[in-house]
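Asks: Below: one structure in structure tokens.
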Amino acid sequence: DDPMIQLFLRNDPAARAVRKTWEAEVAGPTDRAAERVARAKFAAYGDAVYPDATFTPRLSYGKVAGWTYRGTTVPATTNFAGLYERATGAEPYQLAPRWVAAKGKVNPDTVYNFVTTNDIIGGNSGSPVVNAKGEVLGAAFDGNIHSLGGAFGYDGSINRTVVVATSAATEALSKVYGQTALVKELTGK
């Protein structure tokens with residue numbers, strides 16, 4: 001008798017009908033066209049083009065590096081100091097109360113995010129970023145604005161992958177959320 005479940009049950013038949021139409025008239029033809037494009041690309045370029053990020057294992061390498069665009073240099077890293085410097089108290093820069101309370105506990109120099117020269121495209125989010133020693137440095141979650149055309153081309157001078165650093169997760173879990181036991185388990189300490 002839960003009202004939310006009842007709402008979903010009433011809307012489910014219409015939602016399924018819309019989904020069936022979408023799959024038949026949009027997703028299906030688009031998927032078939034993408035298959036033909038992929039076959040044509042393979043016929044033209046063979047294995048010289050690496051696969052997309054749709055459940056295809058990929059290995060990419062790059063370096064941590066900022067970029068310069070139209071005279072503005074963007075650094076390779078952000079830190080917690082920048083988080084607090086930008087916190088205005090109003091949306092979209094309003095921090096959760098727990099983060100406000102933790103300001104004096106969090107090391108402001110801790111790297112929060114960093115960018116790499118790795119090529120990124122939709123489907124890479126959540127991919128681990130590791131260094132040459134096999135240590136996990138973070139998880140890729142986005143690309144900068146210049147990476148949006150990544151399905152068509154890559155410009156190593158400005159395209160960047162955005163990574164949330166494990167240092168940020170460790171700092172937040174221990175100092176903001178008080179999850180020291182989880183941090184010990186994750187770090188093996």
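One line per residue, one yes/no per condition, for (1) closer than 28 Å to Thr187 by Cβ; (2) among the polar types (S, T, N, Q); (3) modelled with pLDDT of 90 or more:
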residue: Thr110; (1), (2), (3): yes, yes, yes
residue: Asn124; (1), (2), (3): yes, yes, no
residue: Asn131; (1), (2), (3): yes, yes, yes
residue: Gly134; (1), (2), (3): yes, no, yes
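Asks: From the list Ala17, Ala38, pick out the single residue that is surrounded by 10 or more Cβ atoms within 10 Å (Cβ to Cβ), modelled with pLDDT under 85 and over 23 Å from Ile158 (Cα atoms).
Replies: Step by step, each of Ala17, Ala38 is checked, and only Ala38 is surrounded by 10 or more Cβ atoms within 10 Å (Cβ to Cβ), modelled with pLDDT under 85 and over 23 Å from Ile158 (Cα atoms).
Asks: Something else now. For the subset of the range 68-77 comprising residues that are surrounded by 12 or more Cβ atoms within 10 Å (Cβ to Cβ) and in a loop (DSSP other than H, G, I, E, B), which member is nearest to the chain's Cα centre (by Cα)?
Replies: Ala76
Asks: Please go through (1) farther than 22 Å from Ser147 by Cα; (2) in a loop (DSSP other than H, G, I, E, B); (3) among the hydroxyl-bearing types (Ser, Thr, Tyr); (4) not assigned by TED's automatic domain parsing to the domain that holds Glu171 for Ser60 and return the number of the only condition it doesn't satisfy.
Replies: Condition not satisfied by Ser60: (1).
Asks: Return the pair list, or none, for Cβ contacts closer than 8 Å from residues in the range 93-108 that are closer than 16 Å to Asn79 by Cβ to residues that are surrounded by 12 or more Cβ atoms within 10 Å (Cβ to Cβ) and charged (D, E, K, R), at least 6 apart or on different chains.
Replies: Close Cβ pairs (under 8 Å, with a partner that is surrounded by 12 or more Cβ atoms within 10 Å (Cβ to Cβ) and charged (D, E, K, R)) amount to Ala102/Lys175; Lys105/Lys175; Val106/Glu171; Val106/Lys175; Asn107/Glu171; Asn107/Lys175.
The values are calculated or read from the model by the stated rules, or taken from the named source; none is laboratory data. Remember, it's a predicted structure, so these values are computed and weren't measured experimentally. FYI the Cβ positions are ideal-geometry reconstructions off the backbone, even for glycines, and counts take in every protein chain you see.
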